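S.K.: Please find one structure pasted underneath; my questions will follow.
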Amino acid sequence: MTEETRERHLVDVLHLKKYYPIKRGVLRRAVGYVKAVNDVTFHIERGETLGLVGESGCGKTTIGRTILRLLTPSAGTVKFDGTDVETLQKNDNAALRRKMQIIFQDPYGSLNPRMNVSDIIGEAPLYHKLAHRAELDDYVISVMEKVGLRPESRAKYPHEFSGGQRQRIGIARVLAMKPEFVVCDEPVSALDVSIQSQVLNLLADLRSEFSLTYLFISHDLSVVKHISDRVAVLYLGKMVEIAPKADFFAKPMHPYSQALISAIPVPMPDAKQNRIILEGDVPSPVNPPNGCIFSTRCPKVMDRCRAEEPHLTDRGGHQTACFLCE
Amino acid sequence: MEANPIRAEAGESLLKEAWVRFRRNKLAMLGLIMTLSIIFAAIFAGVLAPYDPKAQLAFTVNPALKLAGPSMQHPMGNDLYGRDILSRVLHGARISLEIGIFATLVTIMIGVPLGAIAGYMGGVWDDLISWLVNVIFAFPFILFVLAVVSVFRNPSLYLVFVAIGLVNWVALCRITRGQFISLRGSEFVEAARALGLPTWKIIFRHILPNAIAPIIVQTTLGMGGIITLEAGLAYLGFGAQPPTPSWGLMISEGQQYIARGQWWWSIFPGIAIMYTVLAFNFLGDGLRDALDVRQKR
């Protein structure tokens with residue numbers, strides 16, 4: 001890795017794998033593995049938002065959690081600012097560790113119901129000495145104001161808030177850690193459409209105000225289109241395409257991306273839509289197809305696809321794993 | 001700290017809401033009042049009891065008091081030695097509560113930490129602790145307590161509640177384990193880990209407060225069981241020894257006189273046991289309904 005790319009890249013994910021053993025029988029021996037994330041390599045640049053899309057079960061969430069080490073990867077490395085996250089964890093480097101944070105999908109499940117907002121937001125900054133006890137109240141208030149919460153409600157409990165407000169609490173909790181990199185794991189999927197855009201705009205505002213870097217995980221392409229700089233498409237635990245946003249939506253190269261984009265609803269009743277309908281279901285991640293993982297459903301499948309696996313190759317910043325693009 | 005210029009509006013914690021729900025539940029409030037009355041009787045037994053519970057009035061005051069039936073002076077009658085049964089029942093509350101509370105403490109001290117370790121750590125720890133729980137569950141409960149008590153030559157009350165605690169922790173351990181397993185995977189615990197909080201904080205601030213409701217319910221419901229168990233032990237001659245005014249002991253001493261028509265020696269302590277067990281069951285059921293978070297939302 002050159003000095004220049006090291007400067008540009010905030011997060012580097014190299015050959016990341018996460019396999020879950022399937023245990024059977026009395027001896028609980030592993031009879032197979034669910035390949036949730038199967039050899040994924042990508043990077044996130046400083047200050048950018050990388051949108052990670054894919055259907056449910058393709059490993060998006062697993063990637064997010066593995067980057068933060070909430071899950072231990074089976075293989076591969078994750079580098080944050082040039083340092084292996086594993087060594088950060090081992091050396092208990094709290095200062096660096098707190099720079100990577102996560103916003104969860106479920107605004108109900110991700111807040112401790114027994115703690116009030118002040119404690120939820122203030123607990124970690126106090127522990128990491130980002131704020132002293134005497135000034136903690138002011139600290140919490142300032143963070144709440146940043147995310148558009150009424151500071152008067154800081155003694156209230158999560159169940160007294162609406163879904164959108166709870167998501168703001170989750171964002172405030174992250175913001176209070178003064179992070180550099182935030183994994184947004186479907187942060188608006190559980191919210192009403194009317195609230196979604198508010199939260200998305202808040203995330204965009206915070207990004208510019210605090211020069212944050214996002215990994216934005218979503219199954220909703222229109223949301224990703226709204227907030228991302230680059231888009232990465234995941235299918236069955238493998239990256240099939242990574243491209244700058246404009247490039248991606250203008251000319252998607254992988255047949256799977258093409259099908260995804262054709263499925264975005266167009267808000268015009270008589271607009272002609274050439275939807276590509278994919279046949280069949282996503283194959284099981286226990287037993288992914290030989291060759292190209294998309295070969296079982298690809299409308300443009302060739303003999304070669306079933307025998308050989310295409311690798312992610314770069315053509316001027318637009319990476320695709322498909323023989324058609326060679 | 002100086003008063004902050006921005007006023008904080010009071011929040012309704014889940015505990016506060018649970019209390020509101022509890023108060024609306026008539027049976028639960030009845031259970032609470034009954035429980036408080038027992039605690040009151042136990043604390044003030046010395047003042048409330050008209051006579052010394054060990055004073056053998058048939059020998060010291062009046063031989064006619066031997067097995068005398070209920071009267072104005074002795075509302076629950078007297079036993080073979082002329083002891084005032086009302087005084088003995090009141091003092092018995094003390095013994096029963098003492099055993100109930102201390103046996104429960106032993107139960108909690110063993111059951112909760114082991115359940116927490118099994119649930120949070122998983123793996124070998126979970127296998128080991130779950131195996132131990134299953135082994136103890138497989139034993140007949142009362143036989144196990146008897147075995148523990150009879151290992152020592154003079155069974156004291158301390159031994160009884162340690163023995164009860166030693167077998168009683170398994171149910172609590174299972175409940176705690178289940179709670180920890182489900183909470184360990186919850187998103188707010190994951191969030192706490194992402195925030196870089198230490199394990200002890202995650203366990204004590206994030207998991208335990210959310211696991212405490214079923215633990216409290218189980219403990220309260222278990223009190224009734226422990227009190228019956230103590231009475232059973234005393235009845236069998238283990239546990240409290242004469243002349244201690246223990247309810248189980250009184251039932252055992254008086255049982256042969258029931259058929260002869262002198263029922264008061266056994267029946268009144270029996271009613272006391274029933275009253276106590278009912279009180280804790282009502283209270284426990286009420287707590288379960290009030291603390292059930294699933295009713296929310």
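S.K.: Considering only region A:86-99, I want to know if a residue exists there that is under 11 Å from the mean Cα position of the chain (by Cα), within 11 Å of chain B (Cβ to nearest Cβ) and in contact (Cβ under 8 Å) with a residue 40 or more places away in the chain.
M.R.: no
S.K.: Among the residues of region B:18-26, are any charged (D, E, K, R) and within 14 Å of chain A (Cβ to nearest Cβ)?
M.R.: yes
S.K.: So is B:Thr228 of a type in the set (S, T, N, Q) and either within 14 Å of chain A (Cβ to nearest Cβ) or touching a Gly at 6+ places or on another chain (Cβ under 7 Å) (or both) or not?
M.R.: When the stated conditions are applied, B:Thr228 does not pass them.
S.K.: Give me the residue from region A:226-247 that is over 14 Å from the mean Cα position of the chain (by Cα) and within 22 Å of A:Phe181 (Cβ to Cβ) and, out of that set, surrounded by the fewest Cβ atoms within 10 Å (Cβ to Cβ).
M.R.: The extreme case among them is A:Pro244.
S.K.: Residues being over 16 Å from the mean Cα position of the chain (by Cα) and either surrounded by 20 or more Cβ atoms within 10 Å (Cβ to Cβ) or not in a helix (DSSP H, G or I) (or both): count how many of those fall in region B:151-169.
M.R.: Residues that pass the stated criteria total 5.
S.K.: Next question. Mind checking which pairs have a first residue in region B:237-252 that is modelled with pLDDT of 80 or more and a second that is assigned to a loop (DSSP other than H, G, I, E, B), Cβ under 6 Å, 6 or more apart or different chains?
M.R.: Here the result reads B:Pro243/B:Lys54; B:Pro245/B:Pro53; B:Ser246/B:Ala240; B:Leu249/B:Ala240, each pair linking region B:237-252 to a residue that is assigned to a loop (DSSP other than H, G, I, E, B).
S.K.: For the subset of region A:159-177 comprising residues that are over 13 Å from A:Glu145 (Cβ atoms) and charged (D, E, K, R), which member is farthest from the other protein chains (Cβ to nearest Cβ)?
M.R.: Here the answer is A:Arg166.
S.K.: If we only count helices (runs of 4 or more DSSP H) wholly inside region B:1-108, which ones have 1 or more residues that are under 17 Å from B:Trp247 (Cβ atoms), touching a Ser or Thr at 6+ places or on another chain (Cβ under 6 Å) and touching a residue at least 24 places away in the same chain (Cβ under 8 Å)?
M.R.: B:26-43
S.K.: To continue, here is another question. Go through B:Leu143, B:Leu172 for me and flag whichever is more than 30 Å from A:Leu175 (Cα to Cα), in a helix (DSSP H, G or I), away from every other protein chain (no Cβ under 14 Å) and free of Cβ contacts under 8 Å to residues at least 24 places away in the same chain.
M.R.: Of the residues listed, the single one that is more than 30 Å from A:Leu175 (Cα to Cα), in a helix (DSSP H, G or I), away from every other protein chain (no Cβ under 14 Å) and free of Cβ contacts under 8 Å to residues at least 24 places away in the same chain is B:Leu143.
S.K.: Something else: Looking at B:Ile212, B:Ile207, can you tell me which residue is without any contact (Cβ under 8 Å) to a residue 60 or more places away in the chain and either out of contact with any strand residue (DSSP E or B) (no Cβ under 8 Å at 6 or more places or on another chain) or closer than 18 Å to B:Phe144 by Cβ (or both)?
M.R.: B:Ile212
S.K.: Moving on to the next point. May I ask you to verify whether A:Ile67 is at pLDDT 90 or above, within 14 Å of chain B (Cβ to nearest Cβ) and buried (at least 18 other Cβ atoms within 10 Å of the Cβ)?
M.R.: yes
S.K.: Any chance region A:116-125 includes a residue that's surrounded by fewer than 17 Cβ atoms within 10 Å (Cβ to Cβ) and either in a helix (DSSP H, G or I) or facing another protein chain (nearest Cβ under 7 Å) (or both)?
M.R.: Within region A:116-125 (the criterion being surrounded by fewer than 17 Cβ atoms within 10 Å (Cβ to Cβ) and either in a helix (DSSP H, G or I) or facing another protein chain (nearest Cβ under 7 Å) (or both)), the answer is no, since none of the residues qualifies.
S.K.: Return a yes/no flag: does region A:132-154 have any residue that is aromatic (Phe, Trp, Tyr), more than 9 Å from chain B (Cβ to nearest Cβ), without any contact (Cβ under 8 Å) to a residue 60 or more places away in the chain and over 15 Å from B:Gly196 (Cα atoms).
M.R.: The answer is yes, given that some residue of region A:132-154 is aromatic (Phe, Trp, Tyr), more than 9 Å from chain B (Cβ to nearest Cβ), without any contact (Cβ under 8 Å) to a residue 60 or more places away in the chain and over 15 Å from B:Gly196 (Cα atoms).
S.K.: How many residues are within 20 Å of A:Phe216 (Cα to Cα) and of a type in the set (Asp, Glu) when one looks only at region A:126-183?
M.R.: 1
S.K.: Next question. Could you say which residue among A:Glu152, A:Glu186 is on the phi > 0 side of the Ramachandran plot and at pLDDT 90 or above?
M.R.: The match here is A:Glu186.
S.K.: Still on this structure: Does A:Asn116 qualify as being touching a His at 6+ places or on another chain (Cβ under 6 Å) and of a type outside the set (Val, Ile, Thr)?
M.R.: Judged against the criteria, A:Asn116 is not a match.
S.K.: Considering only region B:177-200, how many residues are outside any loop (DSSP other than H, G, I, E, B) and at the interface with chain A (Cβ under 7 Å from one of its Cβ atoms)?
M.R.: 6
S.K.: Do you know which of the residues in region B:1-57 that are in contact with a helix residue (DSSP H, G or I) (Cβ under 7 Å, 6 or more places away or on another chain) and of a type in the set (Lys, Arg) is modelled with the lowest pLDDT?
M.R.: B:Arg7
The values are calculated or read from the model by the stated rules, or taken from the named source; none is laboratory data. Quick caveat: nothing in here was measured; it's all calculated off a predicted structure. Cβ coordinates were reconstructed from backbone atoms using ideal geometry, including for glycine residues, and neighbour counts include every protein chain displayed.
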